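For reference, the structure is listed below as structure tokens.
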């Protein structure tokens, strides 16, 4: 028997714990978690919009981009874990790029659009180079404007190593 479940709280906890784990020598992989199907379970989205903010700064590129790859793996697993019929809007915003990636402080590489596993993954796949400063504040301000345009309630999920450069 299932209870109503807030999807975002466990995901936020996973981000916090991953941030405390230290710098991995190898990228970490995350297994998507399937939601139970059937009439016994009811999952209720607590927000209308979710935007992931991915740190692509210089420190994420150290150790052959292990932190960047770990962060992308985490967001990808979350995307694969959401039910395919999730009706919310999602987006992926990056910050702190290498100039090979983007000359902007922050970039919206996917969304805000109706959730699509493929769309989110294509956005993640487009992020290939880490480098540069860590303008998290600029990314949060831009994300606020993104979700404001989408309307409704929103969740921002920042995936970062927490190190400023």
(Q) Can you tell me how many residues within the stretch 61-71 are in contact with a strand residue (DSSP E or B) (Cβ under 7 Å, 6 or more places away or on another chain) and at pLDDT 95 or above? (A) 2
Q | Cβ-Cβ under 7 Å pairs, at least 6 apart or on other chains, the stretch 138-165 side at positive phi and in contact (Cβ under 8 Å) with a residue 60 or more places away in the chain, far side surrounded by 14 or more Cβ atoms within 10 Å (Cβ to Cβ) and assigned to a helix (DSSP H, G or I) | A | 162/19
Q: Just give me the residues in the stretch 68-90 being touching a helix residue (DSSP H, G or I) at 6+ places or on another chain (Cβ under 8 Å), surrounded by fewer than 17 Cβ atoms within 10 Å (Cβ to Cβ) and not in a helix (DSSP H, G or I), in sequence order.
A: 84
Q: Looking at (1) under 16 Å from the mean Cα position of the chain (by Cα); (2) at pLDDT below 95; (3) surrounded by fewer than 19 Cβ atoms within 10 Å (Cβ to Cβ); (4) not in a helix (DSSP H, G or I), find the lone condition where residue 113 falls short.
A: (2)
(Q) Looking at the stretch 116-131 only, could you name the residues that are closer than 12 Å to residue 94 by Cα and not in a helix (DSSP H, G or I)? (A) 127, 128, 129, 130, 131
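Name the single residue that is surrounded by the fewest Cβ atoms within 10 Å (Cβ to Cβ) among those in the stretch 133-165 being touching a helix residue (DSSP H, G or I) at 6+ places or on another chain (Cβ under 6 Å) and assigned to a loop (DSSP other than H, G, I, E, B).
In the first step, residues of the stretch 133-165 are kept if they are touching a helix residue (DSSP H, G or I) at 6+ places or on another chain (Cβ under 6 Å); the result is 154-156, 159, 161-163, 165.
Subset that is assigned to a loop (DSSP other than H, G, I, E, B): 161-163, 165.
On the way: 161: 23, 162: 12, 163: 15, 165: 15.
Across the stretch 133-165, the extreme among qualifying residues is 162.
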Q | Filter result (within 23 Å of residue 131 (Cβ to Cβ) and either assigned to a strand (DSSP E or B) or at pLDDT 85 or above (or both)) within the stretch 19-60 | A | 27, 28, 51, 52, 53, 54, 55, 56, 57, 58, 59, 60
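The values are calculated or read from the model by the stated rules, or taken from the named source; none is laboratory data. Just so it is clear, the model here is predicted, and its values are computed rather than measured. We place every Cβ from the backbone using ideal geometry, glycine too, and count neighbours over all the protein chains shown.
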